[in-house]
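Here the structure comes first, spelled out in structure tokens, and everything after it is commentary.
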Amino acid sequence: TAGITQAPTSQILAAGRSMTLRCTQDMRHNAMYWYRQDLGLGLRLIHYSNTAGTTGKGEVPDGYSVSRANTDDFPLTLASAVPSQTSVYFCASSPEPNEKLFFGSGTQLSVL
Amino acid sequence: GENVEQHPSTLSVQEGDSAVIKCTYSDSASNYFPWYKQELGKRPQLIIDIRSNVGEKKDQRIAVTLNKTAKHFSLHITETQPEDSAVYFCAARRGGSYIPTFGRGTSLIVHP
């Protein structure tokens, strides 16, 4: 069972370059999310999608964009990376409101 | 919007002792309160959750209590073991919303 898959596992990126973090789930969950995790700041929501075709901004959306062309995929794009975007990024999904989140294994991103 | 405060940020206990982590929330419409455990280098995973129509829920050594009037909920771990060492996150979600709000996390250290 795959569940929710993220790629890559880790990446070093030069400042100013663009990158797309991939997230795919095979559970047919309606909602998907992108969080960043930084020490002492917990999990902060970047963008979310309640269902295919719709997206919304979370707590820290600046510098990031997302798309939800279908149910399974929810890529996160950094158009022009900056060092403050160095973080661990988690993708998550949820079948319905008021249900638990299923997290991917995370992507460690370092922007130099 | 919802605001979730979590305390303490760090908790150190001896093996066999009990541990209590507390969270408060601001939105009285919140009705789903999950707890996630994140071991070092791993993804967050749900360990227990409670809905607003009950006051307490237990699962072996783990229990969660909810006080809707005071708008706080707590995680109780009894007979702690070294494998309980992890970061624990509380969250709150209002009815019908896909978006949970997380606390900043508690690092629990269980000394053998």
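Remarks
- Hits in the stretch A:41-57 - residues which are farther than 17 Å from B:T101 by Cα and either among the aliphatic types (A, V, I, L, M) or surrounded by 15 or more Cβ atoms within 10 Å (Cβ to Cβ) (or both): A:A52, A:T55
- Summed over the stretch A:79-108, residues that are touching a His at 6+ places or on another chain (Cβ under 6 Å) and of a type outside the set (G, A, S) total 1.
- Across the stretch A:49-81, the qualifying residues are those that are within 12 Å of chain B (Cβ to nearest Cβ) and of a type in the set (G, A, S), and the one among them that is nearest to A:S93 (Cα to Cα) is A:S49.
- Residues of the stretch A:82-112 classified as over 11 Å from the mean Cα position of the chain (by Cα), within 14 Å of chain B (Cβ to nearest Cβ) and among the aliphatic types (A, V, I, L, M), total: 1
- Only strands (runs of 3 or more DSSP E) whose full extent lies in chain B are considered here, and the ones with at least 1 residues that are in contact with a strand residue (DSSP E or B) (Cβ under 8 Å, 6 or more places away or on another chain) and within 14 Å of chain A (Cβ to nearest Cβ) are B:4-7, B:10-14, B:19-25, B:30-38, B:45-51, B:56-59, B:62-67, B:86-94, B:106-111.
- Output for the stretch A:31-46, where each listed residue is part of a loop (DSSP other than H, G, I, E, B) and either modelled with pLDDT of 95 or more or more than 8 Å from chain B (Cβ to nearest Cβ) (or both): A:L39
- The strands (runs of 3 or more DSSP E) found entirely in the stretch A:70-112 that carry 1 or more residues being touching a residue at least 60 places away in the same chain (Cβ under 8 Å) and open to solvent by 40 Å² or more (accessible area, probe 1.4 Å) are A:107-111.
The values are calculated or read from the model by the stated rules, or taken from the named source; none is laboratory data. Owing to the predicted nature of the structure, the values given are computational and were not obtained by experimental measurement. Using ideal geometry, Cβ is built from the backbone for each residue, glycine included, and neighbour counts are taken over all protein chains shown. These accessible areas exclude ligands, DNA and RNA; they are computed on the full protein's heavy atoms, side chains included. Shrake-Rupley method; radii C 1.70, N 1.55, O 1.52, S 1.80 Å.
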